1. Among Arg104, Arg125, Arg130, which is open to solvent by 50 Å² or more (accessible area, probe 1.4 Å) and either of a type in the set (A, V, I, L, M) or under 27 Å from Glu234 (Cα atoms) (or both)?
2. Testing Ala230 on (1) modelled with pLDDT of 95 or more; (2) in contact with a helix residue (DSSP H, G or I) (Cβ under 6 Å, 6 or more places away or on another chain); (3) within 16 Å of the ligand (Cβ to nearest atom), one condition comes back false. Which one is that?
3. Does Ala249 count as open to solvent by less than 30 Å² (accessible area, probe 1.4 Å) and away from the ligand (no atom under 15 Å from the Cβ)?
4. Quick one: count up the residues across region 278-329 that are within 16 Å of the ligand (Cβ to nearest atom), in a loop (DSSP other than H, G, I, E, B) and hydrophobic (A, V, I, L, M, F, W, C).
5. Looking only at region 240-277, count how many residues are in a strand (DSSP E or B) and more than 25 Å from Cys178 (Cα to Cα).
6. Kindly indicate whether any position in region 66-77 is surrounded by fewer than 17 Cβ atoms within 10 Å (Cβ to Cβ) and not in a helix (DSSP H, G or I).
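The values are calculated or read from the model by the stated rules, or taken from the named source; none is laboratory data. Predicted model only: the values in this text are computed from it and were never measured. Heads up, the Cβs are rebuilt from the backbone with ideal geometry, glycines too, and the neighbour counts pull from every protein chain shown. Ligands, DNA and RNA are stripped out before the accessible areas are found, and what is left, the full protein with its side chains, is counted by its heavy atoms. Shrake-Rupley method; radii C 1.70, N 1.55, O 1.52, S 1.80 Å.
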Amino acid sequence: MLADSYGRIATDMRVSLTDRCNLRCAYCMPPEGLEWLPKPEVLTGDEVTRLVRIGVELLGIREVRFTGGEPLLRRDLAAIVSQTAALAPRPDISLTTNGIGLARTAATLREAGLDRVNVSLDTLRPEVFRKLALRDRLPDVLDGLEAAAAAGLGPVKVNTVLMRGINDDEAESLLAYCLERGYELRFIEQMPLDAQHGWKRAEMVTADEIYQQLSQAHDLSPDAERIRGAAPAETFLVDGGPGRVGIIASVTRPFCGACDRVRLTADGQVRNCLFAREESDLRSPLRGGATDEEIAERWRVAVAGKLPGHGINDPSFLQPDRPMSAIGG
Ligand code: SF4
């Protein structure tokens, strides 16, 4: 097992397959992009699936989420998914994507074994999309969502980050859009993980503000049908259900006490927390001929040293050097 000294056990593995992305979201990276990881340092498809296999077979991983950067940029994504689906016990397999290219690949990924998808969507207005992501790709994202639903990748979840003065007036219209189509919308508080280190608490739209805004138009009631467990989102029934909305209060109401997540970066580093300031290298032993058990042991040690939480609210908090785009959701 991947246990830490606070009694938490990591069973949910987030795998960043690339740090590259085809959008430039303002809360993530600068307009010019970033210096991407050198190709030789990025894990091959076989290396990724070997580490996922070790996680599932030796370390109790039961959920695998593929992220990026933008994971749809990996041409071998379907092969990685199908090799993951062939593992025993079969993990639950999900994907976090910006949706560009999903309209073309959703059915293939479903066939390969993908179970669920989360798509990032911060606005329904093309001009705001252009302003936030510096690309004109909103129709692609909306088509991707539709294709995911049609392919049966449900429940299709939508991740939204509200930014003060940019899209914070769209909470209600995004919710209406998602409810009409059966997508499950989750609002995520903006976290200090941008490559520019420009995050400001005052600019963050808080979970309470989002709840207040939505409550003006809807009756939000606690979702008694769902046990939250380690899930990041607090979910609410909208107007008595069945529609739901989630709010992920990473900063103002941290959920680290029940965290079951561990991360693998595209260059083969284990991060025991999204905000970890240290990483453990699995790529070198992997390429150096280490056995599965030796790699598993190094991974166990990495998780054992996990801190109690992200520490964002501590005066001593320091943002990790590695940006969100190279860690993944
Ligand atoms: S911030 Fe770290 S400890 Fe907290 S929930 Fe996220 S990954 Fe887990």
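1. Arg125
2. Result: Ala230 fails condition (1) only.
3. Working: open to solvent by less than 30 Å² (accessible area, probe 1.4 Å): yes; away from the ligand (no atom under 15 Å from the Cβ): no.
No.
4. Counting residues in region 278-329 that are within 16 Å of the ligand (Cβ to nearest atom), in a loop (DSSP other than H, G, I, E, B) and hydrophobic (A, V, I, L, M, F, W, C) gives 5.
5. The first filter runs over region 240-277 and keeps only residues in a strand (DSSP E or B), leaving 244-248, 261-264, 269-271.
Going one step further and asking which of them are more than 25 Å from Cys178 (Cα to Cα), we end up with 261-264, 269-271.
Going through region 240-277 one residue at a time, the tally reaches 7.
6. Checking region 66-77: at least one residue is surrounded by fewer than 17 Cβ atoms within 10 Å (Cβ to Cβ) and not in a helix (DSSP H, G or I).
Every residue, every condition in (1) modelled with pLDDT of 95 or more; (2) under 18 Å from Arg14 (Cβ atoms); (3) open to solvent by less than 70 Å² (accessible area, probe 1.4 Å), yes or no:
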{"site": "Thr265", "(1), (2), (3)": "yes, yes, yes"}
{"site": "Gln269", "(1), (2), (3)": "yes, yes, yes"}
{"site": "Asn272", "(1), (2), (3)": "yes, yes, yes"}
{"site": "Glu294", "(1), (2), (3)": "yes, no, no"}
{"site": "Ala302", "(1), (2), (3)": "yes, yes, yes"}
{"site": "Lys306", "(1), (2), (3)": "yes, yes, yes"}
{"site": "Ile312", "(1), (2), (3)": "yes, no, yes"}
{"site": "Asp321", "(1), (2), (3)": "no, no, no"}
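Every residue, every condition in (1) at pLDDT 95 or above; (2) open to solvent by 60 Å² or more (accessible area, probe 1.4 Å); (3) not in a loop (DSSP other than H, G, I, E, B), yes or no:
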position: Val15; (1), (2), (3): yes, no, yes
position: Asp19; (1), (2), (3): yes, no, no
position: Glu57; (1), (2), (3): yes, yes, yes
position: Ile61; (1), (2), (3): yes, no, no
